[in-house]
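One structure is given here, and the rest of the page talks about it.
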Amino acid sequence: MTSKWTDHFQQQLPEILEELRTYVEIETPTHNKQAVDQLGHLIADRFRALGCKIDTLYQPTYGDQLRIEYGDGPEQIMVLGHFDTVKELGTLVQEPWKIEDGRVYGPGTYDMKAGIIFSYFALKTIIEQQIPLQSKLVFFWNTDEEIGSVSSEKWIREEAKRSKFALVIEPAAGDGSLKTSRKGGGDFILKVKGRAAHAGNDHALGVNAIEELAHHVIAIQGFTDYDAGTTLSVGTIRGGTVSNVVPDYAEADIDVRISASSEADRITTLMHQLKPVLPGAQLIVEGGITKPPMERTAATEQLFLHAQEQALLEGFTLTERGVGGTSDGNFTADEGTPTLDGLGPVGDGAHASHEHVVIEAIPGRIAVLLRLFTSL
């Protein structure tokens, strides 16, 4: 393959942008099944027209998941992404589709509808140009990634077990880097029960739940280990009713991020070993670490180096980095499947009002996807 596919997709850029606009203007907040399914039907129709096999996995609460297969053979590559967004219906009024200063703006452009469209145009060209595949392609587009893939995790893990590689079409890091590691994480809730009393008349009879919680806020923050890539952040606290009553209840939400799987056990153990400091106080620990880290392995490195070679054939350099946020790539990596993430658009503003995709980077990103689809 000696031609530069970047040039090919540069010529298709108007069509690519128009398709992205169609996707973006169908708003898909995770919790609105009807809205998400509307786009799901369109995506299924697009890939069906290419000759793909479509399996719609019905969901009673969230949008239906889509498993899309093309090609044959005993080995398969998993291509993973989502089409739900954090943006509610009506966001388009405040954040309309627009093209300005070489960027395309709109809810879901960057995170991550563009990635699905990149995959579609790469596959469309493979079919039209009759480029042979080394492996079957299985596209898994899910609908609840923004809330932790509560209904789709089991299918993602099952598909990963059958796949020799997983390519995650989440957006690139801010500088365009691919993501070769991601932190895992989760949330704990620490609940404290004390004993109420009048703050003036019976202060000594009370057990101040906020005071008890304060002791543990300091302790929990101390579980952070920067060298290990582990951070804990007490993000919110609630407690008390009025100032002249010793509070009998308080609670804290704790964000946890880990870079190594071994840290999950350490943090979970430490959280459940917390003991009351004040006589009469009670502690309840809920939640936990729900996403394992996507660790950079030797197999991940080889997969990245292969992608880097494909980009050089297109005339540009790909870099890599690790990030703190999670994706469904955490699940595929946890199944032992070499995983490369961040293969989607270059841009910025995920979940923010300035969400956008850099237009000039689009052709090259699709070209690399085409090369990966046909060479792995």
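Structure above, values below:
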{"read-out": "Reach of LYS191 by Cα under 25 Å, taken over lysines that are not fewer than 8 positions away in the same chain", "value": "LYS275, LYS291"}
{"read-out": "FRET efficiency estimate (nearest 0.05) - Cβ-Cβ, GLN38 to LEU13, R0 22 angstrom", "value": "0.30"}
{"read-out": "Rounded FRET efficiency, nearest 0.05, which uses the C-beta distance separating ASP45 from THR224 and R0 of 41 Å", "value": "0.25"}
{"read-out": "Highest-MSF residue in the chain out of GLY344, GLY200, GLY185 [GNM, Cα springs under 10 Å]", "value": "GLY200"}
{"read-out": "Spherically averaged projected area of the stretch 314-362 from its Cα convex hull (nm²)", "value": "4.7"}
{"read-out": "Near-label residues of the stretch 12-34 by backbone N, under 15 Å of a point 7 Å along Cα→Cβ of GLU128", "value": "12-20"}
{"read-out": "Order by protection proxy (mean Cβ within 10 Å, highest first), peptides 59-68, 330-339, 261-270", "value": "330-339, 59-68, 261-270"}
{"read-out": "Which label in [x] 0.97; [y] 1.06; [z] 1.01 gives the computed Rg/Rh (Cα atoms, Kirkwood Rh)", "value": "[y]"}
{"read-out": "Non-local Lys pairs in the stretch 1-125, i.e. 8 or more apart or on different chains, that have alpha carbons under 16 Å apart", "value": "4"}
{"read-out": "Computed over the chain: relative contact order in percent, which uses C-alpha pairs under 8 Å that are six or more apart", "value": "24"}
{"read-out": "Set of the stretch 259-287 residues, backbone N closer than 19 Å to the point 7 Å along the Cα-Cβ line of ILE189", "value": "268, 271-274, 282-287"}
{"read-out": "Share of carbon and sulfur in the accessible heavy-atom surface of the chain [1.4 Å probe, %]", "value": "49"}
{"read-out": "CD proxy at 222 nm, helix term only [per DSSP H run n ≥ 4: -39500 (n - 2.57); per residue of the chain; nearest 500]", "value": "-10000 deg cm²/dmol"}
{"read-out": "Coordinate range along principal axes, alpha carbons of the stretch 47-137, Å, largest first", "value": "47, 39, 20"}
{"read-out": "Whole-number percent relative contact order across the stretch 16-152, with pairs defined as alpha carbons under 8 Å at least 6 apart", "value": "34"}
{"read-out": "Two-site FRET efficiency, PHE316 against THR22, from Cβ-Cβ distance with R₀ of 25 Å, rounded to 0.05", "value": "0.35"}
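The values are calculated or read from the model by the stated rules, or taken from the named source; none is laboratory data. Just so it is clear, the structure is predicted and the values come from calculations on it, not from any experiment. Backbone-built Cβ (ideal geometry, glycine too); neighbour counts: all protein chains shown. The protein model used for the area step is the full one, side chains on, heavy atoms only, and it has no ligands, DNA or RNA in it. Shrake-Rupley method; radii C 1.70, N 1.55, O 1.52, S 1.80 Å.
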